[in-house]
Amino acid sequence: MGIHGEKLTAALANEKLPLSDKPRLEATINEYSSWLKKMAAISSANLTELVRSLVEALTAYKHYVDVDLIFDSPNDFLYRQKGQLKIDNTIIEEFLPVLVHKCLDVKTRKNNVDIVPQTQTFSSVHFNSSLSNPAIGGGLTIKTKDQDFALSRKLYLRSSYSEGFDADKTVTIATNIGYILAEIKTNLDKTMFQEATATARDTKIAVSGAKYYLLCDFLDMTPISSATTDIDEILILRKAKRLSSNVRARYSTFAGRQSSRNEYIKHLNDNPYAPDVFLRFIEHILAQFNDETLAEEDVLGYGYF
(Lines give C-alpha, C1' and ligand atoms only; values in the text may rest on other atoms or scores of the structure.)
Protein backbone atom coordinates (compact mmCIF):
# COMPACT_ATOMS: atom_id res chain seq x y z
CA MET A 1 0.00 0.00 0.00
CA GLY A 2 1.37 3.38 -1.03
CA ILE A 3 1.16 6.83 0.54
CA HIS A 4 -2.35 7.48 -0.79
CA GLY A 5 -3.62 4.11 0.37
CA GLU A 6 -2.24 4.80 3.83
CA LYS A 7 -4.17 8.08 3.97
CA LEU A 8 -7.40 6.29 3.01
CA THR A 9 -6.85 3.73 5.77
CA ALA A 10 -6.04 6.45 8.29
CA ALA A 11 -9.19 8.38 7.36
CA LEU A 12 -11.29 5.25 7.80
CA ALA A 13 -9.89 4.85 11.31
CA ASN A 14 -10.40 8.53 12.18
CA GLU A 15 -12.69 8.84 15.20
CA LYS A 16 -14.24 12.02 13.80
CA LEU A 17 -15.32 10.38 10.55
CA PRO A 18 -19.15 10.32 10.33
CA LEU A 19 -20.51 6.78 10.39
CA SER A 20 -22.31 7.24 7.06
CA ASP A 21 -18.98 8.02 5.39
CA LYS A 22 -17.37 4.73 6.39
CA PRO A 23 -18.99 2.70 3.57
CA ARG A 24 -17.91 5.42 1.13
CA LEU A 25 -14.29 5.11 2.26
CA GLU A 26 -14.44 1.32 2.17
CA ALA A 27 -15.72 1.50 -1.41
CA THR A 28 -12.92 3.95 -2.25
CA ILE A 29 -10.31 1.57 -0.85
CA ASN A 30 -11.68 -1.07 -3.24
CA GLU A 31 -11.48 1.43 -6.10
CA TYR A 32 -7.92 2.22 -5.03
CA SER A 33 -6.96 -1.46 -5.25
CA SER A 34 -8.56 -1.69 -8.70
CA TRP A 35 -6.66 1.42 -9.80
CA LEU A 36 -3.33 -0.08 -8.72
CA LYS A 37 -4.11 -3.31 -10.58
CA LYS A 38 -5.16 -1.40 -13.69
CA MET A 39 -1.94 0.60 -13.72
CA ALA A 40 0.15 -2.51 -13.15
CA ALA A 41 -1.46 -4.12 -16.21
CA ILE A 42 -0.77 -1.16 -18.50
CA SER A 43 2.22 -1.60 -20.78
CA SER A 44 3.42 -0.29 -24.13
CA ALA A 45 6.72 0.02 -25.94
CA ASN A 46 5.51 3.41 -27.16
CA LEU A 47 6.27 6.03 -24.51
CA THR A 48 3.49 8.41 -25.62
CA GLU A 49 0.88 5.65 -25.56
CA LEU A 50 2.11 4.39 -22.19
CA VAL A 51 1.84 7.83 -20.60
CA ARG A 52 -1.59 8.43 -22.16
CA SER A 53 -3.02 5.16 -20.80
CA LEU A 54 -1.63 5.71 -17.31
CA VAL A 55 -2.88 9.30 -17.18
CA GLU A 56 -6.36 8.20 -18.29
CA ALA A 57 -6.43 5.73 -15.39
CA LEU A 58 -5.28 8.51 -13.05
CA THR A 59 -8.00 10.89 -14.26
CA ALA A 60 -10.74 8.30 -13.77
CA TYR A 61 -9.63 7.37 -10.25
CA LYS A 62 -9.07 10.98 -9.17
CA HIS A 63 -12.58 11.84 -10.43
CA TYR A 64 -14.00 9.06 -8.26
CA VAL A 65 -12.23 10.37 -5.15
CA ASP A 66 -13.06 14.02 -5.84
CA VAL A 67 -16.72 13.46 -6.69
CA ASP A 68 -18.04 10.11 -5.41
CA LEU A 69 -16.14 10.13 -2.13
CA ILE A 70 -15.68 13.76 -1.13
CA PHE A 71 -18.01 16.06 -3.07
CA ASP A 72 -21.11 13.82 -2.87
CA SER A 73 -20.76 13.06 0.83
CA PRO A 74 -23.90 14.12 2.73
CA ASN A 75 -21.57 15.19 5.53
CA ASP A 76 -19.14 18.08 5.38
CA PHE A 77 -16.25 16.39 7.19
CA LEU A 78 -14.39 14.96 4.17
CA TYR A 79 -14.64 18.15 2.13
CA ARG A 80 -13.70 20.55 4.91
CA GLN A 81 -10.90 18.36 6.29
CA LYS A 82 -9.42 17.08 3.01
CA GLY A 83 -6.38 19.31 3.40
CA GLN A 84 -5.59 17.72 6.77
CA LEU A 85 -6.60 14.18 5.78
CA LYS A 86 -4.51 14.41 2.59
CA ILE A 87 -6.73 11.92 0.77
CA ASP A 88 -6.95 13.61 -2.62
CA ASN A 89 -3.60 15.40 -2.77
CA THR A 90 -1.57 12.22 -2.23
CA ILE A 91 -2.92 10.58 -5.38
CA ILE A 92 -0.35 12.29 -7.62
CA GLU A 93 2.39 11.50 -5.10
CA GLU A 94 1.61 7.81 -5.44
CA PHE A 95 1.06 8.01 -9.20
CA LEU A 96 4.34 9.65 -10.20
CA PRO A 97 6.67 6.84 -9.09
CA VAL A 98 4.50 4.31 -10.97
CA LEU A 99 4.59 6.47 -14.09
CA VAL A 100 8.33 7.07 -13.93
CA HIS A 101 9.15 3.42 -13.15
CA LYS A 102 7.19 2.22 -16.17
CA CYS A 103 8.64 4.85 -18.49
CA LEU A 104 12.20 4.11 -17.41
CA ASP A 105 11.52 0.40 -17.88
CA VAL A 106 10.69 1.15 -21.51
CA LYS A 107 14.00 2.96 -21.91
CA THR A 108 15.94 0.59 -19.56
CA ARG A 109 17.75 3.52 -17.98
CA LYS A 110 17.14 3.14 -14.25
CA ASN A 111 20.84 3.05 -13.38
CA ASN A 112 20.17 1.96 -9.78
CA VAL A 113 18.15 5.01 -8.83
CA ASP A 114 15.41 5.00 -6.21
CA ILE A 115 12.10 6.43 -7.39
CA VAL A 116 10.02 7.25 -4.35
CA PRO A 117 7.28 9.53 -3.02
CA GLN A 118 7.67 11.49 0.19
CA THR A 119 11.29 10.83 1.00
CA GLN A 120 13.97 12.76 2.87
CA THR A 121 16.91 13.82 0.74
CA PHE A 122 20.25 15.36 1.66
CA SER A 123 20.05 19.10 2.30
CA SER A 124 23.25 20.15 4.08
CA VAL A 125 26.13 18.95 6.24
CA HIS A 126 27.88 20.53 9.19
CA PHE A 127 30.29 19.54 11.95
CA ASN A 128 29.00 19.97 15.49
CA SER A 129 32.39 20.25 17.21
CA SER A 130 35.00 22.64 18.54
CA LEU A 131 38.61 22.59 19.79
CA SER A 132 37.42 21.91 23.34
CA ASN A 133 34.81 19.39 22.19
CA PRO A 134 36.13 17.65 19.07
CA ALA A 135 33.38 14.97 19.06
CA ILE A 136 33.70 11.67 17.21
CA GLY A 137 34.20 12.24 13.52
CA GLY A 138 34.16 15.96 14.06
CA GLY A 139 30.50 15.77 15.00
CA LEU A 140 29.36 15.03 11.44
CA THR A 141 25.69 15.98 11.16
CA ILE A 142 23.43 16.22 8.15
CA LYS A 143 20.10 17.85 7.51
CA THR A 144 17.48 16.39 5.21
CA LYS A 145 14.47 17.85 3.42
CA ASP A 146 11.13 16.16 2.84
CA GLN A 147 10.36 15.83 -0.88
CA ASP A 148 7.05 14.91 -2.50
CA PHE A 149 8.87 13.00 -5.23
CA ALA A 150 12.50 12.13 -5.79
CA LEU A 151 14.85 10.22 -8.03
CA SER A 152 17.70 9.61 -5.65
CA ARG A 153 20.62 7.38 -4.81
CA LYS A 154 21.59 6.11 -1.40
CA LEU A 155 24.69 7.92 -0.14
CA TYR A 156 26.97 6.92 2.74
CA LEU A 157 29.18 9.45 4.51
CA ARG A 158 32.01 8.66 6.92
CA SER A 159 33.96 11.09 9.04
CA SER A 160 36.82 10.40 11.43
CA TYR A 161 39.95 11.84 12.94
CA SER A 162 41.39 8.37 12.38
CA GLU A 163 43.10 7.85 9.05
CA GLY A 164 42.08 4.21 9.13
CA PHE A 165 38.47 5.03 10.06
CA ASP A 166 38.63 3.01 13.28
CA ALA A 167 35.07 1.95 14.15
CA ASP A 168 35.02 3.54 17.61
CA LYS A 169 36.34 6.83 16.23
CA THR A 170 34.17 7.11 13.13
CA VAL A 171 30.72 8.44 12.36
CA THR A 172 28.84 6.79 9.47
CA ILE A 173 25.64 8.31 8.14
CA ALA A 174 23.33 7.07 5.39
CA THR A 175 21.23 9.54 3.44
CA ASN A 176 19.56 9.96 0.05
CA ILE A 177 21.05 12.32 -2.49
CA GLY A 178 18.27 13.66 -4.70
CA TYR A 179 18.96 14.36 -8.36
CA ILE A 180 15.44 14.95 -9.69
CA LEU A 181 13.01 16.41 -7.19
CA ALA A 182 9.43 17.54 -7.51
CA GLU A 183 7.10 19.41 -5.21
CA ILE A 184 3.44 18.65 -5.83
CA LYS A 185 0.59 21.09 -5.19
CA THR A 186 -3.12 20.88 -5.90
CA ASN A 187 -3.49 24.63 -6.33
CA LEU A 188 -0.37 26.74 -6.83
CA ASP A 189 -0.55 30.21 -5.33
CA LYS A 190 2.10 32.92 -4.97
CA THR A 191 3.11 31.96 -1.43
CA MET A 192 3.69 28.35 -2.49
CA PHE A 193 5.68 29.57 -5.47
CA GLN A 194 7.93 31.69 -3.26
CA GLU A 195 8.47 28.79 -0.83
CA ALA A 196 9.32 26.47 -3.72
CA THR A 197 11.77 29.03 -5.07
CA ALA A 198 13.65 29.02 -1.75
CA THR A 199 13.59 25.21 -1.58
CA ALA A 200 14.91 24.92 -5.14
CA ARG A 201 17.78 27.24 -4.30
CA ASP A 202 18.72 25.23 -1.20
CA THR A 203 18.45 22.01 -3.20
CA LYS A 204 20.93 23.16 -5.81
CA ILE A 205 23.37 24.52 -3.25
CA ALA A 206 23.41 21.04 -1.70
CA VAL A 207 23.59 19.12 -5.00
CA SER A 208 24.78 21.14 -7.97
CA GLY A 209 23.47 18.68 -10.55
CA ALA A 210 19.98 18.41 -9.08
CA LYS A 211 16.86 19.33 -11.04
CA TYR A 212 13.84 20.78 -9.27
CA TYR A 213 10.30 20.84 -10.63
CA LEU A 214 7.04 22.25 -9.33
CA LEU A 215 3.89 20.37 -10.32
CA CYS A 216 0.31 21.49 -9.70
CA ASP A 217 -3.20 20.54 -10.76
CA PHE A 218 -4.49 24.10 -11.05
CA LEU A 219 -2.90 27.54 -11.18
CA ASP A 220 -4.07 29.96 -8.47
CA MET A 221 -1.82 32.93 -9.24
CA THR A 222 -0.69 35.17 -12.06
CA PRO A 223 2.08 33.29 -13.88
CA ILE A 224 5.61 34.35 -12.93
CA SER A 225 8.58 33.26 -15.01
CA SER A 226 10.62 30.53 -13.37
CA ALA A 227 13.66 31.56 -15.45
CA THR A 228 14.90 33.90 -12.71
CA THR A 229 14.60 31.16 -10.06
CA ASP A 230 16.25 27.79 -9.41
CA ILE A 231 13.02 25.99 -10.34
CA ASP A 232 13.71 24.17 -13.60
CA GLU A 233 10.08 24.21 -14.71
CA ILE A 234 6.54 24.58 -13.41
CA LEU A 235 4.12 22.03 -14.85
CA ILE A 236 0.35 22.61 -14.70
CA LEU A 237 -1.02 19.08 -14.90
CA ARG A 238 -4.57 20.06 -15.86
CA LYS A 239 -3.64 23.16 -17.89
CA ALA A 240 -6.29 25.18 -16.03
CA LYS A 241 -6.87 27.79 -13.38
CA ARG A 242 -8.47 27.09 -10.03
CA LEU A 243 -12.17 27.83 -9.59
CA SER A 244 -12.73 31.28 -8.10
CA SER A 245 -13.14 31.63 -4.34
CA ASN A 246 -16.76 32.75 -4.56
CA VAL A 247 -17.61 29.54 -6.43
CA ARG A 248 -15.67 27.34 -4.00
CA ALA A 249 -17.41 28.98 -1.03
CA ARG A 250 -20.61 27.17 -1.98
CA TYR A 251 -18.92 23.77 -1.66
CA SER A 252 -18.50 23.86 2.11
CA THR A 253 -22.05 22.54 2.70
CA PHE A 254 -23.82 19.50 1.26
CA ALA A 255 -26.67 21.66 -0.07
CA GLY A 256 -24.21 23.99 -1.76
CA ARG A 257 -22.31 21.08 -3.31
CA GLN A 258 -25.47 19.49 -4.65
CA SER A 259 -26.70 22.72 -6.21
CA SER A 260 -23.29 23.23 -7.86
CA ARG A 261 -22.59 19.59 -8.70
CA ASN A 262 -23.02 19.84 -12.48
CA GLU A 263 -20.80 22.92 -12.61
CA TYR A 264 -18.09 21.20 -10.56
CA ILE A 265 -18.15 18.02 -12.64
CA LYS A 266 -18.03 20.08 -15.85
CA HIS A 267 -14.91 21.84 -14.53
CA LEU A 268 -13.22 18.49 -13.89
CA ASN A 269 -14.32 16.98 -17.20
CA ASP A 270 -13.26 20.07 -19.15
CA ASN A 271 -9.83 19.95 -17.50
CA PRO A 272 -8.61 16.34 -17.28
CA TYR A 273 -5.00 15.55 -16.53
CA ALA A 274 -2.97 16.33 -19.65
CA PRO A 275 -0.84 13.41 -20.90
CA ASP A 276 1.49 15.75 -22.81
CA VAL A 277 2.40 17.61 -19.60
CA PHE A 278 3.25 14.34 -17.83
CA LEU A 279 5.20 13.26 -20.91
CA ARG A 280 7.17 16.50 -20.75
CA PHE A 281 8.11 15.69 -17.15
CA ILE A 282 9.24 12.21 -18.22
CA GLU A 283 11.31 13.69 -21.06
CA HIS A 284 13.02 16.02 -18.56
CA ILE A 285 13.97 12.94 -16.54
CA LEU A 286 15.18 10.96 -19.54
CA ALA A 287 17.31 13.90 -20.64
CA GLN A 288 19.28 13.66 -17.39
CA PHE A 289 20.30 10.10 -18.19
CA ASN A 290 21.66 11.38 -21.50
CA ASP A 291 23.65 14.21 -19.92
CA GLU A 292 27.09 13.08 -21.08
CA THR A 293 30.41 14.76 -20.37
CA LEU A 294 31.38 17.22 -23.06
CA ALA A 295 34.24 16.19 -25.33
CA GLU A 296 36.54 19.03 -26.41
CA GLU A 297 36.74 17.87 -30.03
CA ASP A 298 32.94 17.76 -30.28
CA VAL A 299 32.58 21.24 -28.79
CA LEU A 300 35.13 22.69 -31.24
CA GLY A 301 33.35 20.93 -34.09
CA TYR A 302 29.98 22.38 -33.15
CA GLY A 303 31.37 25.79 -32.26
CA TYR A 304 29.31 26.05 -29.06
CA PHE A 305 28.65 24.39 -25.71
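The values are calculated or read from the model by the stated rules, or taken from the named source; none is laboratory data. All of these numbers come straight from a predicted model, not from anything done at the bench. A quick note on method: Cβ atoms are made from the backbone with ideal geometry, for glycine too, and the neighbour counts reach across all protein chains shown.
Can you give me the number of residues within region 108-164 that are touching a residue at least 40 places away in the same chain (Cβ under 8 Å), among the basic types (Lys, Arg) and either in a strand (DSSP E or B) or surrounded by 16 or more Cβ atoms within 10 Å (Cβ to Cβ) (or both)?
The number of residues fulfilling the criteria is 3.
Scan Ala227, Ala198, Ala174, Ala135 and give me the residue that is of a type in the set (A, V, I, L, M, F, W, C) and closer than 24 Å to Glu283 by Cα.
Exactly one of Ala227, Ala198, Ala174, Ala135 is of a type in the set (A, V, I, L, M, F, W, C) and closer than 24 Å to Glu283 by Cα, namely Ala227.
Report, by residue number, each residue of region 181-213 that is touching a Lys or Arg at 6+ places or on another chain (Cβ under 9 Å) and among the acidic types (Asp, Glu).
The answer is Asp189, Asp202.
Checking the conditions here, which among Phe165, Phe149, Phe193, Phe218 is more than 20 Å from the chain's Cα centre (by Cα) and of a type in the set (Phe, Trp, Tyr)?
One residue alone meets the criteria, Phe165.
Do you know which residues across region 52-71 are under 16 Å from Phe254 (Cα atoms) and over 19 Å from the mean Cα position of the chain (by Cα)?
Val67, Asp68, Leu69, Ile70, Phe71
Name the residue, out of Thr203, Thr175, that is part of a strand (DSSP E or B), farther than 23 Å from Leu104 by Cα and at pLDDT below 95.
Thr175
Tally time: how many residues in region 41-55 are touching a residue at least 24 places away in the same chain (Cβ under 8 Å) and under 28 Å from Leu12 (Cα atoms)?
Residues flagged as touching a residue at least 24 places away in the same chain (Cβ under 8 Å) and under 28 Å from Leu12 (Cα atoms) within region 41-55 amount to 2.
Taking the criterion of being out of contact with any strand residue (DSSP E or B) (no Cβ under 7 Å at 6 or more places or on another chain), under 30 Å from Lys211 (Cα atoms), basic (Lys, Arg) and in a helix (DSSP H, G or I), would at least one residue in region 28-50 satisfy it?
no
Does Asp76 satisfy the criteria of being closer than 20 Å to Phe95 by Cβ and of a type in the set (D, E, K, R)?
no
With the condition being surrounded by 14 or more Cβ atoms within 10 Å (Cβ to Cβ) and touching a His at 6+ places or on another chain (Cβ under 9 Å), I'd like the helices (runs of 4 or more DSSP H) fully within region 237-305 carrying at least 2 qualifying residues.
Fully inside region 237-305 and qualifying: 261-270.
Of all residues in region 187-209, count the ones that are more than 13 Å from Met221 (Cβ to Cβ), touching a residue at least 24 places away in the same chain (Cβ under 8 Å) and not hydrophobic (A, V, I, L, M, F, W, C).
6
Determine, yes or no, whether Lys16 is under 17 Å from Asp76 (Cα atoms), over 23 Å from the mean Cα position of the chain (by Cα) and touching a residue at least 40 places away in the same chain (Cβ under 8 Å).
The answer is yes for Lys16.
Among the residues of region 47-84, what is the count of those that are farther than 19 Å from Tyr264 by Cβ and either among the aliphatic types (A, V, I, L, M) or modelled with pLDDT of 95 or more (or both)?
11
Inside region 68-87, can you point out the residues that are under 22 Å from Lys38 (Cα atoms) and buried (at least 17 other Cβ atoms within 10 Å of the Cβ)?
Within region 68-87, Leu69, Ile87 meet the criteria.
Being within 16 Å of the chain's Cα centre (by Cα), aromatic (Phe, Trp, Tyr) and within 27 Å of His101 (Cα to Cα) is the requirement here; does Tyr179 meet it?
yes
For region 144-158, check the following and say yes or no: at least one residue is more than 29 Å from Asn271 (Cα to Cα) and in contact with a helix residue (DSSP H, G or I) (Cβ under 8 Å, 6 or more places away or on another chain).
Yes; the residues of region 144-158 include at least one that is more than 29 Å from Asn271 (Cα to Cα) and in contact with a helix residue (DSSP H, G or I) (Cβ under 8 Å, 6 or more places away or on another chain).
Among residues belonging to region 45-67 that are more than 27 Å from Arg257 (Cα to Cα) and of a type outside the set (Val, Ile, Thr), point out the one that is surrounded by the most Cβ atoms within 10 Å (Cβ to Cβ).
Leu54
Please list, ordered by first then second residue, the pairs with beta carbon atoms under 9 Å, 6 or more apart or interchain, first in region 242-258 and among the hydroxyl-bearing types (Ser, Thr, Tyr), second exposed (fewer than 15 other Cβ atoms within 10 Å of the Cβ).
Close Cβ pairs satisfying both conditions: Ser252/Arg80.
Taking the conditions exactly as written (at pLDDT below 95 and not in a loop (DSSP other than H, G, I, E, B)), does Asp168 satisfy them or not?
Here the answer is yes, as Asp168 does meet what is asked.
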